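S.K.: Got a structure for you, written out below as structure tokens; questions coming shortly.
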Amino acid sequence: MSGLHPAGFRRACRAEWTKLHTEAGHGWLMVALVLVTAGVGAAVSANVPCPVAGCGQDQVRLSLAGVSVSQVLAAITAVLLVGGEYGTGLIRTTLVAMPGRGTVLAAKATVLGGAVLAVGSVAVLASVLAGRLLLPGAGYTPAHGYARLSLADGPTLRAAAGSVLYLVLVALLALGIAAAVRDAAVAVGVVLALLYLFPLLGHVVTEPHLQRLLAQLGPMPAGLAIQATANLHHLPIGPWTGLGVLALWAAIALFLGGAILRLRDA
Amino acid sequence: MRTLHAEWTKFRTVRGWVLGAVGAMLASVLFLLVGTASSNEHPQRATALSAGPGGGAVNDSFYFVHRALSGDGGITVPVTALTGVLADPAGAGTAGGPGGTTSGVTPWSKAGILVKQSLGQGSSYAAMTVTGAHGVRMQDDFTHDRAGLPGSPSTAEPRWLRLVRTGGTVTGYDSTDGERWTEVGTARLPESATTVQVGLFVAAPAAVRASGGGSSSPATATGSFGRVTLSGSWGQAAGGWQGLQVGDDAGTSGSYTPGTSGGWTTTGEGFTVTGAGDIAPVVGGPALGPAFTVETFLVGTFVGLIMLTVVAVQFVTAEYRRGLLGQTLASTPHRGRMLLAKAAVVATVAFAVGAAAAAVSIPLGELRARATHFAVLTVPTAVQTRAVLGTGLLLAATAVLSLALGVVLRRSVTAITAVVAATVLPYLLAFGGMLPSGPAEWLLRLTPAAGFAVQQTLPRYDQVLTVYAPSSGYFPLSPWGGLAVLGVWSALALAAATVLLRRRDA
């Protein structure tokens with residue numbers, strides 16, 4: 001139950017990294033993360049037309065649409081990282097080797113965050129590239145009021161970098177929930193419910209006030225506000241504030257996960 | 001049979017699974033309560049939508065120049081013109097002012113004759129009418145529509161309309177010259193209605209634009225009628241004809257354009273009648289306004305679906321993990337039969353959970369909506385029953401899909417994510433409004449999310465215009481068609497699972 005010792009933490013990170021990259025499943029999940037993000041982004045970029053000037057679409061958001069699908073892959077990776085250990089009983093070995101349970105979770109979070117950051121960057125860059133190539137063909141041309149998609153553009157860069165952070169935060173949220181719930185299957189159910197139920201409820205609620213509140217509180221709708229580059233002041237929540245809401249969710253989940261990991265027997 | 005019993009025993013003795021199933025039902029209902037939560041500040045108290053003879057919500061707002069008919073009788077009149085005024089879409093709702101209008105008629109604007117059980121909204125009726133773009137129609141009791149003569153009327157080429165009431169039957173005829181008549185159809189009025197209201201009516205549903213997410217703007221129509229010929233036992237009240245705006249304004253199908261109002265004048269031997277609104281079933285889309293539909297009360301299905309997916313996947317993956325599968329297969333060597341027994345157990349449990357949750361959610365949701373002054377689109381009991389049973393079948397099919405994917409993938413986390421991402425995500429993407437209606441409709445045709453179509457109670461009628469697209473809550477497939485798509489997915493997954501289970505070692 002010690003605090004974080006730098007040396008111990010580094011060792012813990014190395015151990016977690018070994019677990020992460022030696023398990024074949026994780027590698028495939030990371031490959032899938034890139035393919036799904038870029039693939040869905042490309043499909044949306046090519047199929048949502050902009051027939052006239054002022055068609056009201058946000059081309060940056062379209063090109064990054066794959067993130068809303070591929071986030072589940074980041075979540076699975078995170079859940080398996082903890083839930084997998086409970087499933088096989090490896091968690092006991094882990095905790096015997098590293099009695100500092102907080103250190104274990106911190107190390108897992110660091111390694112997972114780093115991996116998703118790296119893979120997510122590749123995925124988002126691929127999406128932006130696909131959008132850059134495909135969007136003009138769908139009518140997003142200067143004549144219709146759209147500049148070519150480029151990371152040199154401030155809001156586009158913010159949306160792209162923010163999407164990578166979004167994937168990292170979703171992974172951390174899932175990690176915290178998995179540590180708290182321990183059963184991998186239940187954990188993934190909780191994560192998916194948390195991500196999807198807020199926007200689903202948003203469709204049904206007729207009260208505009210409540211609808212706005214749901215978009216501000218839900219980890220998915222609030223976090224994805226980071227991808228918006230058009231009509232910013234009409235959004236229920238600002239881009240960075242929205243990502244902050246997701247970060248808060250992730251922090252609460254990690255805190256809960258850490259607390260339960262400490263309090264309960266493995 | 002013994003296999004089935006063994007699997008049922010496994011299911012009911014694991015506390016987590018039973019809790020999961022019961023919890024799925026409770027959580028579905030709780031989720032609905034959150035979804036219908038309201039701060040009680042609905043600005044305009046929504047007037048209850050009237051229900052038609054079939055039980056479904058209807059629009060019954062129009063201008064009626066009527067008189068009473070007791071017993072048998074008939075009415076004949078030529079219609080010489082149908083014109084109208086449309087509100088300027090740009091100024092709709094905000095700018096207003098009489099200036100913001102153009103002339104024109106919406107395709108289903110109506111000017112014709114009507115035999116109606118009473119002046120109350122939603123009462124039974126039969127009508128022969130000229131329309132803006134669909135020729136002469138005979139319509140009755142809101143949902144029935146038959147085509148008569150094509151084309152639009154003019155002074156040179158009027159459309160003659162005739163309705164004849166004999167006992168409980170009303171027969172509609174049309175003619176181009178008032179001499180040679182063609183029967184268009186017959187309709188039945190309740191036998192109890194001895195005195196009915198008969199006369200001329202005009203209605204004009206709002207103009208609907210499919211582009212830009214869909215919106216509607218008010219329209220008003222004016223019909224020019226020639227000399228009215230009556231036969232039968234008519235009340236000899238002074239003056240005879242009386243004008244009445246049925247329904248306060250134009251219902252959910254729009255309202256009068258700025259600067260117009262309903263009314264009638266006599267012109268020589270004939271009449272000129274101006275009206276707005278519609279006599280038609282209520283459908284979804286922009287014209288609906290702030291109202292709840294029955295399917296919105298079924299939003300809890302998503303929670304139930306996620307929870308049951310977890311339970312159904314674990315029902316088989318737990319056996320892999322604990323090594324119980326070896327024993328199960330030793331005692332039931334026929335692997336396909338074991339899988340079918342498991343599928344039967346989860347499907348039954350999921351059906352019970354789904355149907356029970358839906359059966360509780362619909363009345364509860366209606367209660368909540370009434371308490372917060374929102375209108376509810378009532379639907380016939382048969383449709384409501386279909387939605388309840390369909391929700392059960394939807395969850396049953398999803399549970400089988402989950403179980404089968406659990407066998408195929410053997411990893412519970414991956415299987416659960418696959419099922420939830422395949423059912424819930426396409427729904428979210430299609431109805432989220434980001435995708436245009438083309439790709440959104442294909443998502444709802446091909447993915448397991450098509451199954452949610454079984455909860456659709458908003459009807460689709462050719463004689464009512466709205467935006468029949470996912471953005472306004474319309475599935476591209478029919479309720480049972482959509483469920484069948486999900487069923488095919490489940491069957492394919494179950495077949496793959498059976499093959500893999502035979503081939504692979506446990």
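S.K.: Can you sort B:Thr447, B:Thr414 from fewest to most other Cβ atoms within 10 Å of each residue's own Cβ?
M.R.: Exposure proxy ranking, most exposed first: B:Thr447, B:Thr414.
S.K.: Can you tell me the FRET efficiency between A:Arg11 and A:Leu232 if r is taken as the Cβ-Cβ distance and R0 is 56 Å, rounded to the nearest 0.05?
M.R.: Using R0 = 56 Å, I get an efficiency of 0.80.
S.K.: What does the charge count near A:Glu16 come to, summing +1 for each Lys or Arg and -1 for each Asp or Glu among other residues with Cβ under 15 Å from its Cβ?
M.R.: Summing Lys/Arg as +1 and Asp/Glu as -1 gives +4.
S.K.: Comparing A:Ala253, A:Ala160, A:Ala15, which has the greatest mean-square fluctuation in the GNM of chain A with Cα pairs linked when under 10 Å apart?
M.R.: Judging by the Gaussian network model, the answer is A:Ala15.
S.K.: Residue farthest toward the positive end of the dipole of the protein assembly as shown, with Cβ of Lys/Arg at +1 and Asp/Glu at -1: which of B:Leu340, A:Gly25, A:Gly162?
M.R.: A:Gly25
S.K.: Something else now. With +1 on the Cβ of every Lys and Arg and -1 on the Cβ of every Asp and Glu, and nothing else charged, how large is the dipole of chain B about its Cα centre, in debye rounded to the nearest 20?
M.R.: Value, rounded to 20: 2560 debye.
S.K.: Of B:Ser154, B:Ser50, B:Leu500, which is farthest towards the positive pole of chain B's charge dipole, taken about the Cα centre with +1 and -1 on the beta-carbons of Lys, Arg and Asp, Glu respectively?
M.R.: Farthest towards the positive pole: B:Leu500.
S.K.: Let me ask you something else. Remind me, relative contact order of the stretch A:6-263 in percent, using alpha carbon pairs under 8 angstrom and six or more residues apart?
M.R.: Here the relative contact order equals 24 percent.
S.K.: In which sequence would A:Glu16, B:Glu366, B:Glu183, B:Glu191 go, from the one with the fewest C-beta neighbours within 10 Å to the one with the most?
M.R.: With the sparsest Cβ surroundings first, the list reads B:Glu191, B:Glu183, B:Glu366, A:Glu16.
S.K.: A further question on this structure: Please report, in debye to the nearest 20, how large the charge dipole of the protein assembly as shown is about its Cα centre when each Lys and Arg carries +1 at its beta carbon and each Asp and Glu carries -1 there.
M.R.: Dipole magnitude for the protein assembly as shown comes out near 3240 debye.
S.K.: Cysteines of chain A lacking any other cysteine beta carbon under 4.7 Å?
M.R.: Cysteines lacking a close Cβ partner in chain A: A:Cys13.
S.K.: Here's a follow-up. Answer with one residue from A:Leu194, A:Ala174, A:Ile260: the one whose Cα lies farthest towards the positive end of the charge dipole of chain A, charges on Cβ with Lys, Arg +1 and Asp, Glu -1.
M.R.: Checked the options; the winner is A:Ile260.
S.K.: Per DSSP H run of n ≥ 4, the term is -39500 (n - 2.57); total these for chain A, divide by its residue number, and report the mean residue ellipticity at 222 nm rounded to 500 deg cm²/dmol.
M.R.: Computed mean residue ellipticity for chain A: -25500 deg cm²/dmol.
S.K.: Now for a different question. Treating cross-link reach as a plain straight distance, find the aspartates and glutamates whose alpha-carbon is under 18 Å from the alpha-carbon of A:Lys19, omitting any fewer than eight places away in the same chain.
M.R.: Filter leaves A:Glu85.
S.K.: Once Rh is set to the Kirkwood radius over Cα pairs, what Stokes-Einstein translational diffusion coefficient, in µm²/s, holds for the protein assembly as shown at a temperature of 4 °C and a viscosity of 1.567 mPa s?
M.R.: Details: Rh = 29.1 Å.
The diffusion coefficient I find is 44 µm²/s.
S.K.: So, one more: If Lys and Arg each add +1 and Asp and Glu each add -1, what is the summed charge of the other residues whose beta carbon sits under 11 Å from the beta carbon of A:Val82?
M.R.: 0
S.K.: Filter chain B for me: DSSP H helices, axial length by Cα at least 15 angstrom, mean Kyte-Doolittle hydropathy not below -0.5. List them by residue number. Walk me through the numbers on the way to the answer.
M.R.: On the way: long enough: B:2-13 (16 Å, -1.18); B:15-35 (29 Å, 1.81); B:301-322 (30 Å, 1.11); B:335-371 (53 Å, 1.06); B:381-409 (41 Å, 1.70); B:412-431 (28 Å, 1.93); B:479-503 (36 Å, 1.24).
TM-like helix candidates: B:15-35, B:301-322, B:335-371, B:381-409, B:412-431, B:479-503.
S.K.: Additional query: With all pairs of different alpha carbon atoms counted, what Kirkwood hydrodynamic radius in Å does chain B show?
M.R.: 25.4 Å
S.K.: Tell me the relative contact order for the stretch B:60-176 as a rounded percent, counting alpha carbon contacts under 8 Å between residues six or more apart.
M.R.: The value is 28 percent.
S.K.: Shape of the stretch A:1-76 from its Cα gyration tensor (a ≥ b ≥ c, root eigenvalues): rounded if a/c is under 1.5, otherwise prolate when a/b > b/c, or oblate?
M.R.: It comes out prolate by the Cα gyration axes.
S.K.: Hey, got the average number of other protein chain Cβ atoms within 10 angstrom for residues in A:70-77?
M.R.: For peptide A:70-77, the averaged partner shielding equals 3.
S.K.: Quick one: net charge of B:Gln455's neighbours, Cβ under 15 Å, K/R +1, D/E -1?
M.R.: Numbers: positive: B:Arg386, B:Arg460; negative: B:Glu295.
Neighbour charge sum, excluding B:Gln455 itself: +1.
S.K.: If each DSSP helix of 4+ residues adds -39,500 (n - 2.57) and the sum is divided by the residues in chain B, what number results at 222 nm, nearest 500 deg cm²/dmol? Let's see the in-between values first.
M.R.: Values: 9 runs with 184 residues, N = 506.
Estimated from H runs of four or more residues: -12500 deg cm²/dmol.
S.K.: Same structure, new question: Highest GNM mean-square fluctuation, chain A, Cα pairs closer than 10 Å: which of A:His144, A:His21, A:His233?
M.R.: Taking springs between Cα atoms under 10 Å, the residue moving most is A:His233.
S.K.: Cα centroids of the stretch A:215-266 and the stretch A:75-139: how far apart, whole angstrom?
M.R.: Measuring centre to centre over Cα atoms gives 17 Å.
S.K.: Kirkwood Rh, Cα Rg: Rg to Rh for chain A?
M.R.: Rounded to two decimals, Rg/Rh equals 1.02.
S.K.: Take B:Asp141, A:Asp58, A:Asp153 and order them by how many other Cβ atoms sit within 10 Å, fewest up front.
M.R.: Final ranking by Cβ density, sparse to dense: A:Asp153, A:Asp58, B:Asp141.
Throughout, read-outs are computed from the coordinates displayed, never taken from laboratory work. Predicted model only: the values in this text are computed from it and were never measured. We place every Cβ from the backbone using ideal geometry, glycine too, and count neighbours over all the protein chains shown.
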